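Step one of this worksheet: look at the structure below.
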Amino acid sequence: MRTFDIVTPLKAVKFDELSIQEQNLVEIARDATYRSYAPYSHFRVGAAILLENGEIVPGSNQENVAFPSGTCAERTACFFAHSQYPDQAFKAIAIAARGVDELPLASPIAPCGACRQSLLEYEMLAGHDVKVLLVGRDEIFILPSVKSLLPLAFTEF
Ligand code: THU
């Protein structure tokens, strides 16, 4: 038998410790929560994707009365980004959320499994790591890549 430990590297930083470009990305993700359409969960998520050309594409969760038809913020952003800028590799993504009390969440949230798989596709297309910033009110978690959030991912068929 062989055993392995899979380690997820994570840095927790304050807003001031981010680069100006990352601070901007975080602010755009926070701002996107205000365009969330979440009349059912009242959980408002915003994402912002930084592209190789410096463009930042935001997205928010868009719910639907037929529940599975809605989309998370991360997939709204990544599908829109790649449909608008198919030649631009992703460099980073920031994800922020506000809870039912409308306030920014104290602790960061992490993307759901379907979003991790979708984002991984674009990381593979980019051919390099796509940094992930999970935005809490007082602290931001930074992961080096999407694959670090989805070890043992399904990548080939
Ligand atoms: N949601 C996101 O947009 N991103 C996540 O990472 C987790 C969940 C959305 C889906 C749904 O509209 C609401 O949050 C509650 O689950």
GluC sites (Glu not before Pro) in the range 37-136 lying in a DSSP loop, each with at most 10 other Cβ atoms within 10 Å of its Cβ, come to Glu102
With Ala89 itself left out, Lys, Arg at +1 and Asp, Glu at -1 over residues whose Cβ is under 13 Å from its Cβ give -4
P(r) over all Cα-Cα pairs of the range 1-67, 5 Å bins from 0 to the longest distance, whole percent per bin, short to long, reads 4, 15, 17, 15, 15, 12, 10, 7, 4, 2, 0
Output for the range 5-101: chymotrypsin sites (Phe, Trp or Tyr not before Pro) sitting in coil per DSSP, at most 11 other Cβ within 10 Å, listed by number, reads Tyr40
Toy charge model, Lys and Arg Cβ at +1, Asp and Glu Cβ at -1: the chain dipole around Cα centroid in debye, rounded to 20, equals 280 debye
Applied in sequence order to the range 132-138, the curve 6.51 cos²θ - 1.76 cosθ + 1.60 (Karplus, θ = phi - 60°) yields integer Hz couplings, x standing for Gly and Pro, of 10, 10, 9, 9, x, 5, 10
Note, Ser19: beta-carbon cut-off 14 Å, +1 each Lys/Arg, -1 each Asp/Glu, net 0
Listing His128, His82 by rising number of other beta-carbon atoms within 10 angstrom, fewest first, gives His128, His82
Whole-Å distance linking the alpha carbon centroid of the range 139-155 with that of the range 1-50 is 12 Å
Dividing the mean separation of Cα pairs under 8 Å (6+ apart) by the residue count of the chain yields a relative contact order in percent of 24 percent
Gyration tensor on Cα atoms of the range 23-98, a ≥ b ≥ c root eigenvalues, a/c under 1.5 rounded, else prolate if a/b beats b/c, else oblate, says oblate
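None of the figures in this text is laboratory data; all of them are computed from the coordinates on show. All values reported here derive from a predicted model rather than from experimental measurement. Ideal geometry is used to build each Cβ from the backbone, glycine not excepted, and the neighbour counts take in all protein chains shown.
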